[in-house]
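Working notes, beginning with the structure itself.
The values are calculated or read from the model by the stated rules, or taken from the named source; none is laboratory data. What you see is a predicted model, and the numbers here were worked out from it, not measured in a lab. We place every Cβ from the backbone using ideal geometry, glycine too, and count neighbours over all the protein chains shown.
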Amino acid sequence: MISIQQQDFDSGAEYAALRDSGAGTGAIVTFTGLVRDSGDLEGVRGLFLEHYPGMTEQVISQLVEEASRRWDVRKARVIHRVGELLLSDQIVFVGVCSAHRGDAFAACQYIMDALKTSAPFWKKEITTDGEHWVEQKSSDLEQSRTWE
Amino acid sequence: MISIQQQDFDSGAEYAALRDSGAGTGAIVTFTGLVRDSGDLEGVRGLFLEHYPGMTEQVISQLVEEASRRWDVRKARVIHRVGELLLSDQIVFVGVCSAHRGDAFAACQYIMDALKTSAPFWKKEITTDGEHWVEQKSSDLEQSRTWE
Amino acid sequence: MTESHQQAVTVRFFARLREELDTDSLILPVTPGMTAGTLLAELATRGGAWAQLCGDQPVMIAVNQAMAKPGTVLSGGDEVAFFPPVTGG
Amino acid sequence: MTESHQQAVTVRFFARLREELDTDSLILPVTPGMTAGTLLAELATRGGAWAQLCGDQPVMIAVNQAMAKPGTVLSGGDEVAFFPPVTGG
């Protein structure tokens, strides 16, 4: 299940829902991304996140399908917030249930790495001095290419 | 923080405690292991987990230290249950906070993989036909060696 | 001149491009065999902020909400989007 | 004969070994230069279930609650543990 939303999410409730995925599940891996000072600018107060409605959901759903082809994935959940976020706010949640821990780790990390470079979200940093669109990091591109 | 305990744990509460780790945290990865039918035996009803009190805590604490040397680890939490567990019960929780997602994934998976081969826990499967000590899987040894 | 839906594409812009072009979307005529790259080059000839569409900074392309390449051929009714490299997650 | 604490080691068994040897722990004398491997071999000479300590199945060794090797030299007061490969997590 994929959600793009302004409101915050409850990671505990999301974990509980993932856990309820049948007796075959032996491993659950979750990733949560929080807003932090990227270090590119001084005095970051928060972020504004824009997305491409419709395409975003489609891209993430294809990433989850690709992960399910490569690894044992019993259940997957992706939540990505948009709009204005403050420092330490939750931005993104990726949770994967699998029979085996190696599959759960790989599928969760694959979805997250690929989301970073192919899902249409854009971050603007809001600092005490104004606003500034965040540039893509080459490290994200490289991390995503390791899965090809 | 490391806990070896008989009682169940609340993954949501553990996540909330990890999240409260300062403004530098940008990524939280959690792993939870659940009791599942290993497929080695028919009619598994649950597990009995034995451990070596004292040594277990020491080994896990060294694994967390080693992970903190290799990657950016802001906070780490390990819980491992012992005693009798039923199918779908939670066995183990590993949670890691980091500035970066790559570090959070790597540190969490490293701790879990190394725990599998070096922390003194032993599983006995309880089936409808009796009990049976679980043998170590060569795949666990190999997975752990990939970190050397 | 009125373009029928079959001979036009919707062009959308996001993030920095949307702001700097001061444009959310456009409806533009499409000619047979026209590619996303040709459309991008045409828009760049408008000058000013539009010139950056063929400038140094990479522009990503989506056609019908799927990532596409400059060579992707457009058809009437398509939704084409141009945007900077993505930075979510 | 009474061994002083300085000349004895505590030997502990876990899991399948503990059950099959029907023994949680032993206090045994230690001679200068004695290794964990020598102690294991001595215990195996007891025969019966004890023979498996030098059998086909691997036996893991800990000395003072840290993983050790057969060559690890023992001192009086050490805690030595023998157990099957671990299967936690």
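In table form, for the structure just shown:
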read-out: So B:Ala23, is it more than 14 Å from chain D (Cβ to nearest Cβ), more than 12 Å from the chain's Cα centre (by Cα), among the hydrophobic types (A, V, I, L, M, F, W, C) and in a loop (DSSP other than H, G, I, E, B); value: yes
read-out: Residues of the range C:50-68 satisfying the condition of being in contact (Cβ under 8 Å) with a residue 24 or more places away in the chain and away from every other protein chain (no Cβ under 14 Å); value: C:Trp50, C:Leu53
read-out: Qualifying residue in the range D:12-19 (condition: surrounded by fewer than 17 Cβ atoms within 10 Å (Cβ to Cβ) and over 13 Å from the mean Cα position of the chain (by Cα)); value: yes
read-out: Condition met for A:Phe9 (within 19 Å of A:Tyr110 (Cα to Cα) and in contact (Cβ under 8 Å) with a residue 24 or more places away in the chain); value: no
read-out: Flag for C:Val9 being touching a residue at least 60 places away in the same chain (Cβ under 8 Å) and in contact with a Gly (Cβ under 8 Å, 6 or more places away or on another chain); value: yes
read-out: Within the range D:50-65, considering residues that are of a type in the set (Gly, Ala, Ser) and modelled with pLDDT of 95 or more, the one surrounded by the most Cβ atoms within 10 Å (Cβ to Cβ); value: D:Ala62
read-out: B:Glu84 vs. criteria closer than 30 Å to D:Leu17 by Cβ, at pLDDT 95 or above, over 15 Å from the mean Cα position of the chain (by Cα) and surrounded by 15 or more Cβ atoms within 10 Å (Cβ to Cβ); value: no
read-out: Residue list for the range A:21-33, restricted to those being touching a strand residue (DSSP E or B) at 6+ places or on another chain (Cβ under 7 Å) and at pLDDT below 95; value: A:Ser21, A:Thr25, A:Gly26
read-out: Count of the range C:73-89 residues which are surrounded by 19 or more Cβ atoms within 10 Å (Cβ to Cβ), without any contact (Cβ under 8 Å) to a residue 60 or more places away in the chain and over 21 Å from C:Leu21 (Cα atoms); value: 2
read-out: Index of the failed condition, A:Arg70 passing every other in (1) in contact with a strand residue (DSSP E or B) (Cβ under 7 Å, 6 or more places away or on another chain); (2) under 25 Å from A:Gly26 (Cβ atoms); value: (1)
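Matching residues to (1) in a strand (DSSP E or B); (2) of a type outside the set (Phe, Trp, Tyr):
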{"position": "C:Arg18", "(1), (2)": "no, yes"}
{"position": "C:Leu26", "(1), (2)": "yes, yes"}
{"position": "C:Pro32", "(1), (2)": "no, yes"}
{"position": "C:Gly37", "(1), (2)": "no, yes"}
{"position": "C:Ala51", "(1), (2)": "no, yes"}
{"position": "C:Gly77", "(1), (2)": "no, yes"}
{"position": "C:Phe82", "(1), (2)": "yes, no"}
